[in-house]
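Before any comments, here is the structure.
Computed from the coordinates by the stated procedures, all read-outs in this text should not be read as laboratory data. As the structure is a prediction and not an experimental result, all values here were calculated from the model. Ideal geometry is used to build each Cβ from the backbone, glycine not excepted, and the neighbour counts take in all protein chains shown.
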Amino acid sequence: MNVGFVGLGNMGAGIAANLLKAGHSVTVYNRTAAKADALVKQGATFAAGVADACRGEFVMTMLADDHALESVSFGDKGILSTLRKDGIHVSLSTISVALSQKLAAAHAEHGQRYVSAPVFGRPEAAAAAKLFITVAGADDDVAACQPLFDAIGQKTFRFGANPADANLIKLSGNFLISTVIESLAEAMALIGKAGLDQRHYLDFLTSTLFAAPVYKGYGSMIVDKKFTPAGFAAPLGFKDNRLVLAAAQDLKVPLPIASLIYNRFLTLLAQGGEELDWSAISLIAAEDAGQPKRSA
C-alpha cells in the first residue's frame with residue numbers, strides 16, 4: 001500500500017518503520033525534517049511538505065495534540081486540500097472528541113474518508129509493533145486499513161462507525177492509566193513513610209492481585225523514581241486529562257478522580273516537570289507525605 005505518514009516523534013517513528021518492514025511504500029513528513037533521516041535510510045520517501053505525504057491511498061497522522069493535527073489537516077496545502085478523493089486519513093493521535101467529529105465532517109465534505117485509530121502502548125511497543133489499536137469508522141474504510149493496522153499492532157479493537165467514539169475510548173483508557181499511577185503513588189507513599197521496602201511491596205502486588213503490565217511498568221518507575229527519558233511526557237498526560245474532562249463535561253458525567261489528577265499534573269508542571277514522564281505525578285504524593293522529592 002502507498003502510505004503517507006505525518007509525525008515522527010517517539011511513537012510515529014517506530015510505527016512508520018514497521019510499515020516499511022511490512023513492505024508498504026511509505027512517504028514520511030515531520031516538521032523537523034532531520035527526524036525523517038533514519039526512515040529514509042530504511043527505504044522511506046522524504047516529503048518536503050504535508051501535501052507530498054498525501055499523494056497515496058492513505059495518510060496516517062501521529063501528532064501530539066489537537067493544535068498540531070488541525071494545522072496539518074486544515075492548513076494551507078494540508079491534508080484536506082491535497083488528499084485525493086476517496087483517500088483515507090487515518091488518525092492515530094490522542095485528540096479530543098470534538099476535533100475527531102470536526103475531521104469526520106470535513107473529510108466527508110471533501111469526498112474523502114476518515115478513520116480514527118488511536119493506539120495504546122508506549123514507544124517501545126510502537127517500535128516492536130505491539131500496539132493495541134482502537135478503531136472506529138465505516139466498515140469498508142476500516143477493512144481497507146486493516147493491513148496497515150496488522151503491520152503496527154498486535155490487536156485491533158473495533159468500536160463502530162462513528163470515528164469520535166474511538167477517541168473517547170482512548171481518552172477513557174488514558175484516564176484509567178492515570179488513576180493507576182495516582183493510586184500506586186499514594187500507596188507507595190504510605191508504605192515508604194512506614195519504612196517498608198517499596199520494591200518488595202511492588203513485587204507482592206504484581207505477583208498477586210495486580211499482575212498487569214500497567215502496574216508492573218509504572219510501579220517500577222515510581223519505586224525507582226525513573227522519569228527520564230520520558231516515554232509519555234507530563235504535558236501530554238495533562239493534555240489528555242483535560243480532554244477527558246471536556247468530554248465528560250459535554251456528556252454531563254462527573255469524573256471526580258480526573259479532577260484530582262488534573263491538579264497533580266498542574267502541580268508537577270508548575271514545579272518544572274515538563275520534561276518528565278507523566279508518571280512523575282507520583283512525586284507529588286511522595287512530597288505530600290514528607291518524603292524526599294527526587295527524580296532520575
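Which condition number does K85 fail, the rest of (1) without any contact (Cβ under 8 Å) to a residue 24 or more places away in the chain; (2) assigned to a loop (DSSP other than H, G, I, E, B) being met?
With (1) without any contact (Cβ under 8 Å) to a residue 24 or more places away in the chain; (2) assigned to a loop (DSSP other than H, G, I, E, B) applied to K85, the lone miss is (1).
Scan region 88-103 for residues that are surrounded by fewer than 22 Cβ atoms within 10 Å (Cβ to Cβ) and of a type outside the set (D, E, K, R) and jot them down. Reasoning before the result, please.
Initially, region 88-103 is screened for residues surrounded by fewer than 22 Cβ atoms within 10 Å (Cβ to Cβ), giving 98-99, 101-102.
A98, L99, Q101 - these are the residues of region 88-103 that are surrounded by fewer than 22 Cβ atoms within 10 Å (Cβ to Cβ) and of a type outside the set (D, E, K, R).
Do we find that K130 is touching a Ser or Thr at 6+ places or on another chain (Cβ under 7 Å) and of a type in the set (D, E, K, R) in this structure? Spell out how you get there, then give the answer.
Numbers: touching a Ser or Thr at 6+ places or on another chain (Cβ under 7 Å): no; of a type in the set (D, E, K, R): yes.
Answer is no for this residue.
Looking at K226, K239, K252 in this structure, which one is of a type in the set (K, R) and without any contact (Cβ under 8 Å) to a residue 12 or more places away in the chain?
Values: K226 fails: without any contact (Cβ under 8 Å) to a residue 12 or more places away in the chain; K239 fails: without any contact (Cβ under 8 Å) to a residue 12 or more places away in the chain.
Sole residue among the options that is of a type in the set (K, R) and without any contact (Cβ under 8 Å) to a residue 12 or more places away in the chain: K252.
Run F157 past the list (1) part of a helix (DSSP H, G or I); (2) without any contact (Cβ under 8 Å) to a residue 60 or more places away in the chain; (3) more than 20 Å from I281 (Cα to Cα) and report the number of the one that doesn't hold.
If we test F157 against (1) part of a helix (DSSP H, G or I); (2) without any contact (Cβ under 8 Å) to a residue 60 or more places away in the chain; (3) more than 20 Å from I281 (Cα to Cα), just (1) comes out false.
Going residue by residue through region 116-128, is there one that turns out to be in contact (Cβ under 8 Å) with a residue 12 or more places away in the chain, among the β-branched types (V, I, T) and closer than 17 Å to V244 by Cα?
Yes.
Can you tell me which residues in region 111-137 are more than 18 Å from the chain's Cα centre (by Cα) and either surrounded by fewer than 18 Cβ atoms within 10 Å (Cβ to Cβ) or under 22 Å from A17 (Cα atoms) (or both)?
G111
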